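Peer 1: Dropping a structure here in structure tokens format, bear with me for questions.
The values are calculated or read from the model by the stated rules, or taken from the named source; none is laboratory data. Treat the numbers as computed from the prediction; the structure is a model and nothing was measured. All Cβ positions, even for glycine, are placed from backbone atoms using ideal geometry, and neighbour counts span all protein chains on display.
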Amino acid sequence: MHSTSRYRQHMIGWLSVSWVGLMLHDWLVVFTVGWTGAYAELVKKRPSGGLVTAANITSLLIHVATVILIQSVSFVYLQSQPW
């Protein structure tokens, strides 16, 4: 019974923090992004390149590989600890 009430207190705390964070984020978006005007000068030139280029794909693959490596090493390290 004691662990259940502790769990509920934790969940209530987490939910209240989540709602506060959501409200702060929404107001930040409304006040910063919502009130920005258009740029003074528009340019007719098309953007250079595309989204699927060797540089972009390479950067994405290196990023994904780095994240997988760090999370795998962390997982193995935590599993080896005598909890």
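Peer 1: Within segment 37-74, take every residue that is among the hydroxyl-bearing types (Ser, Thr, Tyr) and surrounded by 10 or more Cβ atoms within 10 Å (Cβ to Cβ) and give me the one that is nearest to the chain's Cα centre (by Cα).
Peer 2: Kept after step one, since they are among the hydroxyl-bearing types (Ser, Thr, Tyr), are these residues of segment 37-74: 39, 48, 53, 58-59, 66, 72, 74.
Now restrict to residues that are surrounded by 10 or more Cβ atoms within 10 Å (Cβ to Cβ): 53, 58-59, 66, 72, 74.
Numbers: 53: 24, 58: 21, 59: 18, 66: 16, 72: 19, 74: 19 Å.
By that ranking, first place goes to 66.
Peer 1: Would you confirm whether or not segment 36-53 contains a residue that is at pLDDT below 90 and either among the aromatic types (Phe, Trp, Tyr) or part of a helix (DSSP H, G or I) (or both)?
Peer 2: We begin by selecting, within segment 36-53, every residue at pLDDT below 90; these are 36-53.
With the extra rule that they be either among the aromatic types (Phe, Trp, Tyr) or part of a helix (DSSP H, G or I) (or both), the set shrinks to 39.
For segment 36-53, residues at pLDDT below 90 and either among the aromatic types (Phe, Trp, Tyr) or part of a helix (DSSP H, G or I) (or both): present.
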